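Presented below is the structure to which this report refers.
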Amino acid sequence: MKTVKDYIRTIPNFPHEGIMFRDVTTLFGDGAGFSLAVDQMVEAAQGRDIDKVAGLEARGFILGGAIAHRLGCGFVPIRKAGKLPGSKISEAYLLEYGEAVVEIHEDAIEPGERVLLVDDLLATGGTAEAGIRLIERLGGQVVGCSFAVDLPELGGATRLRAMGMDVDMLCAFDGA
């Protein structure tokens with residue numbers, strides 16, 4: 001019986017020398033693998049009384065949309081700066097070599113709504129932390145963070161748990 005990890009390919013030295021890129025497109029491209037991942041993420045979310053699923057750009061949209069559909073709730077995209085029309089709020093975060101910004105529509109989450117944050121991979125946790133801050137600025141309550149892949153050596157789960165977050169991952173890979 002295959003696990004989610006079995007569907008994810010590793011591409012050495014991408015995008016830079018020494019990086020082991022964990023490619024989830026092979027997971028998404030396989031019907032059984034994709035269903036397995038969504039089923040397991042939905043199962044982990046049970047009992048959290050979720051109003052919305054927020055997905056981080058871009059692969060978090062794929063998983064987040066499917067999870068929201070299965071949970072019967074709304075989906076909210078958290079996008080890179082400049083991609084959303086209309087009124088939005090922004091949150092900057094640090095990258096290894098600079099800064100990035102993510103945005104969410106001002107009306108995407110109502111105060112008190114319970115939100116599950118979803119992405120494909122958790123590395124340092126910077127993007128997820130920025131997403132959490134956006135949701136909280138709109139008055140939402142993040143009831144969990146769900147990822148298909150964890151890279152534990154990079155400390156993202158520890159970072160999010162230090163913020164008081166419940167963090168679920170389907171699998172982990174050693175090495176960055």
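Values for this structure:
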{"item": "Protein accessible area in region 1-134, 1.4 Å probe - carbon and sulfur %", "result": "51"}
{"item": "Under 22 Å, Cα to Cα: Lys pairs in region 1-105, sequence gap 8 or more or different chains", "result": "4"}
{"item": "Residue among Ser35, Ser87, Ser146 with the largest mean-square fluctuation in a Gaussian network model of the chain, springs linking Cα atoms under 10 Å", "result": "Ser87"}
{"item": "Selection from Phe147, Tyr97, Ile62 lying farthest towards where the dipole of the chain points positive, charges on Cβ", "result": "Ile62"}
{"item": "Beta bridges by DSSP in the chain, antiparallel share as percent, to the nearest 5", "result": "40"}
{"item": "Where the chain is the region considered: accessible area per residue in Å², 1.4 Å probe", "result": "49"}
{"item": "Theoretical gain in end-to-end length, Phe14 to Glu136 [0.36 nm per residue, Cα-Cα removed]", "result": "40.5 nm"}
{"item": "Compactness index (Cα Rg / 2.2 N^0.38 Å), region 88-136", "result": "1.19"}
{"item": "Given charges at beta-carbon only (K, R positive; D, E negative), |dipole| of region 41-176 in Debye", "result": "220"}
{"item": "The chain, helix-only ellipticity at 222 nm - DSSP H runs n ≥ 4, -39,500 (n - 2.57), divided by all residues, nearest 500", "result": "-8500 deg cm²/dmol"}
{"item": "FRET efficiency for Thr158 and Lys83, using Cβ-Cβ distance with R0 set to 22 Å, rounded to 0.05", "result": "0.15"}
{"item": "Spin-label model distance (nm) - Asp39 vs Asp107, 7 Å beyond Cα toward Cβ", "result": "3.9"}
{"item": "Top of Ala68, Ala130, Ala32 by mean-square fluctuation, Gaussian network on the chain, Cα under 10 Å", "result": "Ala32"}
{"item": "For region 87-172, alpha-carbon Rg relative to the globular expectation (2.2 N^0.38 Å, N residues)", "result": "1.06"}
{"item": "Amide H contacts of Val142 (H built 1.01 Å from N, under 5 Å, at least 5 apart or other chain)", "result": "Val115"}
{"item": "In sequence order, calculated HN-Hα J values of region 117-132 (Karplus, 6.51, -1.76, 1.60; Hz; x Gly/Pro)", "result": "8, 10, 8, 6, 9, 10, 10, 7, x, x, 5, 4, 4, 4, x, 4"}
{"item": "With 10 Å bins from 0: P(r) over region 1-59, alpha-carbon pairs, percent", "result": "20, 39, 31, 9, 1"}
{"item": "Average Cα contact separation per residue, the chain, under 8 Å, 6 or more apart, as relative contact order %", "result": "19"}
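The values are calculated or read from the model by the stated rules, or taken from the named source; none is laboratory data. What you are looking at is a predicted structure, and each value in this text was computed from that prediction instead of being measured. Cβ sites come from the backbone with ideal geometry, for glycine too, and all protein chains shown count toward neighbours. Keep in mind that these areas ignore ligands, DNA and RNA; they rest on the heavy atoms of the full protein, side chains included. Shrake-Rupley method; radii C 1.70, N 1.55, O 1.52, S 1.80 Å.
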